[in-house]
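A.B. asks: Structure incoming, see below.
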Amino acid sequence: MTEMSGAKALIKSLEKQKVDVIFGILGGAVLPIYDHFLNSEIRHILCRHEQGAAHAAEGYARASGKPGVCLATSGPGATNLVTGIANAYMDSAPIIALTGQVPTTSANTTYMIGRDSFQEADIVGITSPITKYNFQLKTAAEIPETVKNAFYIATTGRPGPVLIDIPKNLQTEIAEMDFSDKIGIKGYKPRSKPHPLQIKKAVKLLMKAEKPVILSGGGVIISNAANELLKTAEALIAPVATSFMGKGSFPENHPLSIGCIGMHGNPVANKLLCEADVVLAVGTRFSDRATGTLDTFCSSAKKIHIDIDAAEIGKNIEVDIPIVADAKKTLREINNRILKQGKNREDTPWKIRVKETKQQLNQPPNKNDKSLNPKSLLFELRKILPNDTIVTTEVGQNQMWSALYFNALKPRTFISSGGLGTMGFGFPAAIGAKVACPNKPVVDIAGDGSFRMTEQELATSVTEDIPVIVIVLNNSVLGMVAQWQRLFFKKRYSAIKLGNSPDFVKLAEAYGAQGLRAESLKEFSEAVKKALKSDVTTVIDIPISSEEDVTPMVPPGCGINAQVGKY
Amino acid sequence: METSNTKVIAAIVENKPGVLQCIANMFRRRGFNIESITVGHTEKKGLARMTITLSGDDKTIEQVVKQMNKLIDVIKVNYLEKENIVARELALVKVKALDSKTRSDAINCVEVFRGRVVDVSPESLTIEITGTSHKIDAFLNLMRSYGIMELARTGLTALSRGAKSISVDE
């Protein structure tokens, strides 16, 4: 037990959790905490908007596998974190959000909780449905235990954001602090080991399967199970489709990779999933964008569903063999059991079917087409970027083109806002990823609409010396909604025109970043190579047609086997 | 109003501020329809027991139990099968009783239903009645003819029959 202030105990608790960086913006209700940063090794990165801080913390977390931390003041600081917290919740990312709060009590003033004080917001109430858990501190002495529990909850089981709301008076209050490591949360005992009987049943079904397909989700990346997945796929000769969040869990240049499923999924993945007789779904939650209408989704297949979150079993899809456990541990058990049966299966008709379907449906870009189209650009980008490059995306057409045409080869190298679909996520997430992995190139594939939603973080990347690359596929419209208006609203375009403002090259330069424009594939290639060598953030502006659609596409209300349009 | 589709869930939860809101929020967000919630202390310090009645098919109830289990402040959740529980609700009802005839009629009804008159004024009677929700509904239907001035129902609370209990490890 040692006596110290709440703010000092907070910093010490964060250091104990091996936090090396915090993304945040200060304000009145967190001044005592910021004063203690001056005595700490923890790097504080001053963002330009709290939403950026929260997304950066998520980018950091998803690139590194370690929890990301963001910090904001009370009231508007806290509410500005909300989109970032909701995003982390939907995509199961472990982030810790620290917020200042007005004091619990005040002598002689009414600057206190419950009096509608200056910059007071009920952030605990606001974030209760979008956090895995949240705390409001009542005494300073709770700080060490709360921080420890927050990190434990955020990073174990199905990860998610945890918020700690810290009233200002507790930051300066002196108390006896207990920094013991013991964890005891009555209502939280995450389970991780698979049930042996379920493993036995699953392997029996898989070994009998003639047309098995593996559907790999974000859970495989979270549990670091990519190697185990690769072994399972090769042992079973099962093609691997991924959910959008699972992109990167299986190398997309592997002969058994069939791409992402879903509304704008790879046609091979959508087709073969509907032909499968057994589907092994790992760490995925069967979201509506992934499955399309449920009556045709894998309708002829027996389904095995592995997920660490029991509530995901049977939530959207009825399954035959549920396994509530960690993906890595489960796949390892499955692999051991397959190996014991000693049957590495030979070339099967199904393997040939996979190969032929890929040849038929996944055509590379036409080499004679010199136009600046997203497919050629993204194929070209893959050729230039080193394999370990971390790619983030914004949301909309840029994101779906990236899912279709940019092969992710390793886990944690493709980071995008899957569940919430947050425009403006990619750029601050790229900054966070670069902080986590300073030796890897980090590229945000952006659209002009999305990038503008958090572009102010250019200042963060320049002043904090965090060089990333932003590729703006600039079609001067809010492209995805324009596409929907084109296809489903008889081309009645409403509120989609962004025009040619701003000039992204000048915008980059105004922030002290490098701005480049590419008007041909050759210029694009040169610009990316130049950006990779740059020690300052580079924005590459690429004008593309505003009429370009993302295809193929599953029309709303259809099954994924009813995809229209060419890859 | 209890229907044939009404299900009963019992939960042991942390007895601290914000827990009820958190659970109610989850129900609202996921579109689960609560008919009643009762909350009170348990035999163990720091823990509260919550009895929730709601309507839905088996699949919905399974999701409700799973989603409740996910909440950190919920320590244990059980679905209580209606055949195997003792369930009670309490109602306080104030009825109009302006003359001695209606007054004695009403008191007769109270006796049949094993309720108690807990307050009397020149114009009214206040009656306490305990039982299953069906019994209370039936009693209230009778009282309607006298004129119900005010009604407070607690919602259902329940325990499973026999020695079985929802235990929480220390």
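A.B. asks: If we scan the range A:482-501, do we find a residue that is surrounded by 14 or more Cβ atoms within 10 Å (Cβ to Cβ), in contact with a Ser or Thr (Cβ under 9 Å, 6 or more places away or on another chain) and among the basic types (Lys, Arg)?
C.D. replies: The answer is no, given that none of the residues of the range A:482-501 is surrounded by 14 or more Cβ atoms within 10 Å (Cβ to Cβ), in contact with a Ser or Thr (Cβ under 9 Å, 6 or more places away or on another chain) and among the basic types (Lys, Arg).
A.B. asks: Listed residues A:Gly426, A:Gly421; which is surrounded by fewer than 23 Cβ atoms within 10 Å (Cβ to Cβ), within 20 Å of A:His49 (Cα to Cα) and not β-branched (Val, Ile, Thr)?
C.D. replies: After ruling out the rest, the residue left standing is A:Gly421.
A.B. asks: I'd like the full set of residues that are surrounded by fewer than 24 Cβ atoms within 10 Å (Cβ to Cβ) and touching a His at 6+ places or on another chain (Cβ under 9 Å), limited to the range A:77-103.
C.D. replies: Correct list: A:Asn80, A:Thr83.
A.B. asks: Further question on the same structure: Against the definition (surrounded by 13 or more Cβ atoms within 10 Å (Cβ to Cβ), among the acidic types (Asp, Glu) and either under 30 Å from A:Val268 (Cα atoms) or at pLDDT below 95 (or both)), how does A:Glu523 come out, yes or no?
C.D. replies: no
A.B. asks: Which pairs do you get when a residue that is closer than 11 Å to B:Thr132 by Cβ, found in the range B:83-100, comes within reach of a residue that is among the aliphatic types (A, V, I, L, M) and assigned to a loop (DSSP other than H, G, I, E, B), reach meaning Cβ atoms under 8 angstrom, with the pair 6+ apart or on two chains?
C.D. replies: Once the first residue is closer than 11 Å to B:Thr132 by Cβ and sits in the range B:83-100, its partners that are among the aliphatic types (A, V, I, L, M) and assigned to a loop (DSSP other than H, G, I, E, B) give B:Ala87/B:Leu156; B:Arg88/B:Leu156; B:Glu89/B:Leu156.
A.B. asks: Now a separate question. Is it the case that A:Ile317 is modelled with pLDDT under 95 and within 14 Å of another protein chain (Cβ to nearest Cβ)?
C.D. replies: Taking the combined requirement at face value, the residue satisfies it.
A.B. asks: Sort out which residues of the range A:283-308 are in a strand (DSSP E or B) and either away from every other protein chain (no Cβ under 13 Å) or out of contact with any strand residue (DSSP E or B) (no Cβ under 7 Å at 6 or more places or on another chain) (or both), and write them in order of number.
C.D. replies: Of the residues in the range A:283-308, the ones in a strand (DSSP E or B) are A:292, A:302-307.
A:Gly292, A:Lys302, A:Lys303, A:Ile304, A:His305, A:Ile306 - these are the residues of the range A:283-308 that are in a strand (DSSP E or B) and either away from every other protein chain (no Cβ under 13 Å) or out of contact with any strand residue (DSSP E or B) (no Cβ under 7 Å at 6 or more places or on another chain) (or both).
A.B. asks: I'd like the residue in the range B:127-170 that is loosely packed, with under 15 Cβ neighbours inside 10 Å and within 14 Å of another protein chain (Cβ to nearest Cβ) and, out of all such residues, is farthest from the chain's Cα centre (by Cα).
C.D. replies: B:Glu170
A.B. asks: Restricting to the range B:22-60, what's the tally of residues that are away from chain A (no Cβ under 14 Å), surrounded by fewer than 16 Cβ atoms within 10 Å (Cβ to Cβ) and at pLDDT 90 or above?
C.D. replies: Total satisfying the criteria: 3.
A.B. asks: Same structure again: From the list B:Val19, B:Val77, B:Val64, exactly one residue is surrounded by 14 or more Cβ atoms within 10 Å (Cβ to Cβ), within 12 Å of chain A (Cβ to nearest Cβ) and touching a Phe, Trp or Tyr at 6+ places or on another chain (Cβ under 7 Å). Which is it? Can you show your working first?
C.D. replies: Details: B:Val19 fails: touching a Phe, Trp or Tyr at 6+ places or on another chain (Cβ under 7 Å); B:Val77 fails: touching a Phe, Trp or Tyr at 6+ places or on another chain (Cβ under 7 Å).
Step by step, each of B:Val19, B:Val77, B:Val64 is checked, and only B:Val64 is surrounded by 14 or more Cβ atoms within 10 Å (Cβ to Cβ), within 12 Å of chain A (Cβ to nearest Cβ) and touching a Phe, Trp or Tyr at 6+ places or on another chain (Cβ under 7 Å).
A.B. asks: Of all residues in the range A:334-362, count the ones that are outside any helix (DSSP H, G or I) and over 28 Å from the mean Cα position of the chain (by Cα). It would help to see each step written out before you state the result.
C.D. replies: Just the residues of the range A:334-362 that are outside any helix (DSSP H, G or I), to begin with: A:341-348, A:362.
Subsequent filtering for residues that are over 28 Å from the mean Cα position of the chain (by Cα) retains A:341-348.
So the count comes out to 8.
A.B. asks: Moving on. Looking only at the range A:120-133, filter to residues that are without any contact (Cβ under 8 Å) to a residue 40 or more places away in the chain and surrounded by fewer than 18 Cβ atoms within 10 Å (Cβ to Cβ); which one of those is farthest from the other protein chains (Cβ to nearest Cβ)?
C.D. replies: A:Asp122
A.B. asks: For the list (1) in contact with a Lys or Arg (Cβ under 9 Å, 6 or more places away or on another chain); (2) surrounded by fewer than 24 Cβ atoms within 10 Å (Cβ to Cβ); (3) under 21 Å from A:Pro556 (Cβ atoms), I need the number of the one condition that A:Arg289 fails.
C.D. replies: A:Arg289 satisfies all of (1) in contact with a Lys or Arg (Cβ under 9 Å, 6 or more places away or on another chain); (2) surrounded by fewer than 24 Cβ atoms within 10 Å (Cβ to Cβ); (3) under 21 Å from A:Pro556 (Cβ atoms) except (1).
A.B. asks: Within the range A:1-76, which strands (runs of 3 or more DSSP E) (wholly inside it) include 2 or more residues that are surrounded by 24 or more Cβ atoms within 10 Å (Cβ to Cβ) and not aliphatic (A, V, I, L, M)? Steps first, please.
C.D. replies: Working: elements: A:2-5, A:21-24, A:43-46, A:68-72.
Where strands (runs of 3 or more DSSP E) fall fully within the range A:1-76 and carry at least 2 residues being surrounded by 24 or more Cβ atoms within 10 Å (Cβ to Cβ) and not aliphatic (A, V, I, L, M), they are A:21-24, A:68-72.
A.B. asks: Which numbered condition trips up A:Asn336, out of (1) touching a Ser or Thr at 6+ places or on another chain (Cβ under 8 Å); (2) more than 14 Å from every other protein chain (Cβ to nearest Cβ); (3) at pLDDT 95 or above?
C.D. replies: The failed condition is (1).
A.B. asks: Follow-up question, since we're still on this one. Those residues that are more than 17 Å from the chain's Cα centre (by Cα) and either charged (D, E, K, R) or part of a strand (DSSP E or B) (or both), I need them from the range B:14-36; list them, please.
C.D. replies: Hits for the range B:14-36 are B:Glu14, B:Lys16, B:Arg28, B:Arg29, B:Arg30.
A.B. asks: Still on this model: How many residues are more than 14 Å from chain B (Cβ to nearest Cβ) and part of a strand (DSSP E or B) when one looks only at the range A:320-333?
C.D. replies: Residues in the range A:320-333 being more than 14 Å from chain B (Cβ to nearest Cβ) and part of a strand (DSSP E or B): 2 in total.
A.B. asks: Yes or no: A:Ser117 of a type outside the set (Val, Ile, Thr), within 30 Å of A:Asp320 (Cβ to Cβ), away from chain B (no Cβ under 14 Å) and surrounded by fewer than 21 Cβ atoms within 10 Å (Cβ to Cβ)?
C.D. replies: The answer is no for A:Ser117.
A.B. asks: Against the condition within 28 Å of A:Ser192 (Cα to Cα), of a type in the set (A, V, I, L, M) and within 14 Å of another protein chain (Cβ to nearest Cβ), how does A:Ala311 come out, does it pass?
C.D. replies: Working: within 28 Å of A:Ser192 (Cα to Cα): yes; of a type in the set (A, V, I, L, M): yes; within 14 Å of another protein chain (Cβ to nearest Cβ): yes.
So A:Ala311 fits the description; yes.
The values are calculated or read from the model by the stated rules, or taken from the named source; none is laboratory data. Computed from a predicted structure; not experimentally measured. Please note: Cβ atoms are built from the backbone with ideal geometry, for glycine as well, and neighbour counts cover all protein chains shown.
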